[in-house]
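Working notes for the structure below.
Any read-out appearing in this document is the output of simple, stated calculations on the displayed coordinates, not a laboratory observation. Since the structure is predicted, the reported quantities are computational estimates derived from the model, not experimental observations. For neighbour counting, all protein chains shown are included, and Cβ atoms are generated from backbone atoms with ideal geometry for every residue, glycine included.
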């Protein structure tokens, strides 16, 4: 149980890299509709960050990702938590690692999940896991984090 967050991160990273390899090998010739006009698999080389911002800034984004991953590992080492906190941190760490691997090995991030129903950006498994992890982390902070009561030192 102690290393659950790292196991989750490993599985997320492996799933992300596996699905990206499939996308590279099978989707470069165009888009494949899973649900026509709603969900397609479309190969995209994303040299920027979320929603394509900071295009062609791979070096800056690679350094930023390395710093974020190192900071997250340092925080996890100092303040370990279980349960949903481990799930959230594992999802975030695994997603960050998956996209970091792409930036190092390819010079861009492979995106392929194309939700056309809402005209949303093309994304990947790592992106999905980071977003899910942040949502779970937010829920934990809002509803499950113990609030420290101020001391009544004036008595």
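So here's what we get for this one:
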item	result
Gain in span if fully extended, residue 141 to residue 75, counting 0.36 nm per residue against the direct Cα distance	22.2 nm
Relative packing of peptides 130-141, 6-17, 92-103, 25-36 - highest average C-beta neighbours within 10 Å first	92-103, 6-17, 130-141, 25-36
Cα gyration tensor shape for region 65-122, rounded if a/c is under 1.5, else prolate or oblate	oblate
Full-extension gain in nm, residue 118 to residue 28, via 0.36 nm per residue minus C-alpha separation	30.1 nm
Cα centroid separation, region 1-20 to region 90-107 (Å)	11 Å
